[in-house]
């Protein structure tokens, strides 16, 4: 499996690009509907089959549940080409979310335009927006990767969320997430994707 890093092309303070995307059950969710009344919004570019996502999926579900009562909304987006990667199809997204305790919307970006708007490159790729939908953090969940012995605890994402909830800047330089590349449709890979 090739390991691809985050791009960091969406600058801190940038507004979250708008979207309207269906979940695996066909219900549409927008940036506005996810962010409305929330103190922070976490968006995760993910997919069902990537071992980097699978490695942290249960911990992501627990983290989302713990922060929900603090006014944080999570949402995941799969932008993979399901024609060539049918295991990432929307009906299978529903099964994946349930299996890993993802009690938040898991959305399907069929056109891949949302991934491009966020300059997402890998799965998983994490973005944290404040209550004004401004980017506060982009980077990794934590340092755990398949095959290393680092704990899957969400330390980096939790530190970012705690800072945002306290009205503070996220401390330190962000560390890029790494994972499988987004599976772009033929001829659709963006210029930023090397």
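The values are calculated or read from the model by the stated rules, or taken from the named source; none is laboratory data. These numbers were taken from a predicted model, which means no experiment stands behind them. Note: ideal-geometry Cβ built from the backbone for every residue, glycine included; neighbour counts use all protein chains shown.
In table form, for the structure just shown:
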quantity: Subset of region 150-171 that is touching a helix residue (DSSP H, G or I) at 6+ places or on another chain (Cβ under 8 Å) and exposed (fewer than 15 other Cβ atoms within 10 Å of the Cβ) - its residue that is nearest to residue 123 (Cα to Cα); calculated: 171
quantity: Members of region 167-191 that are under 20 Å from residue 57 (Cβ atoms) and without any contact (Cβ under 8 Å) to a residue 60 or more places away in the chain; calculated: 175
quantity: Those residues of region 142-167 which are under 17 Å from residue 73 (Cβ atoms), in a helix (DSSP H, G or I) and out of contact with any strand residue (DSSP E or B) (no Cβ under 8 Å at 6 or more places or on another chain), in sequence order; calculated: 158, 162
quantity: Selected residue (only one of 56, 77 is crowded, with 24+ Cβ neighbours inside 10 Å, touching a residue at least 40 places away in the same chain (Cβ under 8 Å) and outside any helix (DSSP H, G or I)); calculated: 77
quantity: Long-range neighbours under 6 Å by Cβ, at least six apart or interchain, first residue under 19 Å from residue 180 (Cα atoms) within region 142-166, second part of a helix (DSSP H, G or I) and modelled with pLDDT of 95 or more; calculated: 142/155; 142/156; 146/51; 146/55; 152/56; 152/59; 154/59; 154/63
